[in-house]
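Step one of this worksheet: look at the structure below.
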Amino acid sequence: MTENSEHSLGRRKSFLAAAAAVVVLAAVIFLMRRFASYDMYAVSWQKDLSQGSLTGYEPFGDGFLKYSKDGVTCITGRGAENWVDTYEMKSPVISVNGEYAVIADSQGNEVRIYGTGGRVGQTTTQLPLLKAAVSRTGITAVIEEDASSSYIYFLNKDGSSLDVSIRSILSGDGYPTSLALSPDGTRLMVGFEYLSGGVMRGRVVFYDFSEIGKNIPNRLVGGFDEPFGESLIADVRYLDGVYSFAASTKGLCFFSSRNLTSPELVKQVDETDEIRSLFYNDSYVGVILNNTATAERFRLELYKPDGTKVLEKTFDDTYVNASVDGDYVFVFSSSSGMILNTAGVEKFHGPLDFPVLEMRQGTVPGEFLMAGPENLKGVRLR
């Protein structure tokens, strides 16, 4: 073997050893991030937020929408105020889907539609509003009502009216309690309550307003009564272009619209314990229930869009709210919090130093955002 060959072989061995060390280090960092647990955190930065009334926070972009009866502020993931819009609403309700959001005045008439850069549309309805939902394209659906009927109207993202509507007779079809749009805005899912034999029952109905549904009577492509029985439909949501779910007082139902003309029930989760909280993002649906099986008071369950259970955990902490962002679940009150990953590892479980109303992942790896009534904090676990 020549001297040059020996040097080449030596360099190759050094390179392989360095590469192996990098792989091992990356694996160690991954395992630490996934399985390490903490009971404290350090505040990396803090931003004081403008005062005023507060209804709540909703994750939007890499930060939050802070909304109230007086207006909405878009706050970035570093605490800066991106934009502000003022209005007057007695009971604002919000729906967020990707880069769009709608805020409507429940039992009022005002509707505002927002993109990442601020307000893109608005309208005033003739009848009192019940609910509003927005798609990932900005197409919006609103429910209005009068004494005998409810009406679902569709809006462009600029607030102008689309020539699409659905009328439901309250005494026959029932009372709409929730609605959701598919990501592209062409399909609609509605939860109803209707009276049968003197008993209130739940129903979920699917409509298609694309070319596919044009030749189907009333655009109605699917309806489900049996899974819900004598229950209240609390919420419905499209999680992506295929899967959707309905939450009722009876449990969770997961649907597939792979066949657009015939939605299918793919998983039914009947809960015997009372559901206390519902939370979801595009990848997961979670519930917290009263727990009667063990000594701990509460049970958290997390599901994929197809209804596959990925996490179950019992806990005893008093909590106020729960949410999911990315692969993390947040359960928190005004004085304590818990952060879980989808492997079931408690990344954090401990006291909070201020009242927290919403939590989510931060803009950099390992950082989490805690939003309170007066400030937003970026924190790291330790």
So which residues in segment 255-294 are of a type in the set (S, T, N, Q), over 18 Å from residue 308 (Cα atoms) and under 20 Å from the mean Cα position of the chain (by Cα), if there are any at all? 277
Yes/no for residue 93 being within 22 Å of residue 209 (Cα to Cα) and among the hydrophobic types (A, V, I, L, M, F, W, C): no
Matching option when the condition is farther than 17 Å from residue 56 by Cβ, of a type in the set (A, V, I, L, M) and surrounded by 16 or more Cβ atoms within 10 Å (Cβ to Cβ), among 364, 285, 324: 285
Which residues, taken from segment 236-270, are more than 15 Å from residue 282 (Cα to Cα), in contact with a Ser or Thr (Cβ under 9 Å, 6 or more places away or on another chain) and acidic (Asp, Glu)? 264
Unmet criterion (only one of (1) over 20 Å from residue 148 (Cβ atoms); (2) touching a Gly at 6+ places or on another chain (Cβ under 7 Å); (3) in contact (Cβ under 8 Å) with a residue 40 or more places away in the chain; (4) of a type outside the set (Ser, Thr, Tyr)) for residue 224: (2)
If residue 165 satisfies all but one of (1) surrounded by fewer than 17 Cβ atoms within 10 Å (Cβ to Cβ); (2) among the polar types (S, T, N, Q); (3) in a loop (DSSP other than H, G, I, E, B); (4) in contact with a Phe, Trp or Tyr (Cβ under 8 Å, 6 or more places away or on another chain), what's the number of the condition it fails? (3)
For segment 355-369, state whether one or more residues are assigned to a strand (DSSP E or B) and aromatic (Phe, Trp, Tyr). yes
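Looking at this structure, is residue 127 in a loop (DSSP other than H, G, I, E, B), among the hydrophobic types (A, V, I, L, M, F, W, C) and either closer than 30 Å to residue 71 by Cβ or over 23 Å from the mean Cα position of the chain (by Cα) (or both)? Reasoning before the result, please.
Working: in a loop (DSSP other than H, G, I, E, B): yes; among the hydrophobic types (A, V, I, L, M, F, W, C): yes; either closer than 30 Å to residue 71 by Cβ or over 23 Å from the mean Cα position of the chain (by Cα) (or both): yes.
It is true that residue 127 is in a loop (DSSP other than H, G, I, E, B), among the hydrophobic types (A, V, I, L, M, F, W, C) and either closer than 30 Å to residue 71 by Cβ or over 23 Å from the mean Cα position of the chain (by Cα) (or both).
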With respect to residue 366, is the statement that it is free of Cβ contacts under 8 Å to residues at least 40 places away in the same chain, at positive phi and not hydroxyl-bearing (Ser, Thr, Tyr) true? no
Contact list please: Cβ distance under 9 Å, first residue in segment 197-213 and in contact (Cβ under 8 Å) with a residue 24 or more places away in the chain, second residue basic (Lys, Arg) and in a strand (DSSP E or B), pairs at least six apart or on different chains. 206/187; 207/187; 208/187; 209/187; 210/187; 213/187
Pairs needed: first member in segment 44-56, surrounded by 15 or more Cβ atoms within 10 Å (Cβ to Cβ); second member anywhere, modelled with pLDDT of 95 or more and among the hydroxyl-bearing types (Ser, Thr, Tyr); C-beta distance under 9 Å; at least 6 residues apart or different chains. 49/73; 54/67; 54/68; 55/67; 55/68; 55/91; 56/67; 56/68
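Please state which one of 147, 104 is without any contact (Cβ under 8 Å) to a residue 40 or more places away in the chain, aliphatic (A, V, I, L, M) and crowded, with 19+ Cβ neighbours inside 10 Å. Quick ask: steps written out before the conclusion?
Values: 147 fails: crowded, with 19+ Cβ neighbours inside 10 Å.
None of the other options fit; the residue is 104.
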Which one of these does residue 379 not meet: (1) assigned to a loop (DSSP other than H, G, I, E, B); (2) at negative phi? (1)
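Conditions tested, residue by residue: (1) within 19 Å of the chain's Cα centre (by Cα); (2) among the charged types (D, E, K, R).
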position	(1), (2)
308	yes, no
317	no, yes
350	no, no
353	no, yes
Condition set part of a strand (DSSP E or B) and small (Gly, Ala, Ser), scope segment 168-197, selection farthest from the chain's Cα centre (by Cα): answer is 196
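The values are calculated or read from the model by the stated rules, or taken from the named source; none is laboratory data. Remember, it's a predicted structure, so these values are computed and weren't measured experimentally. Quick reminder, even Gly has a Cβ in these numbers, built from the backbone with ideal geometry, and neighbours come from all protein chains shown.
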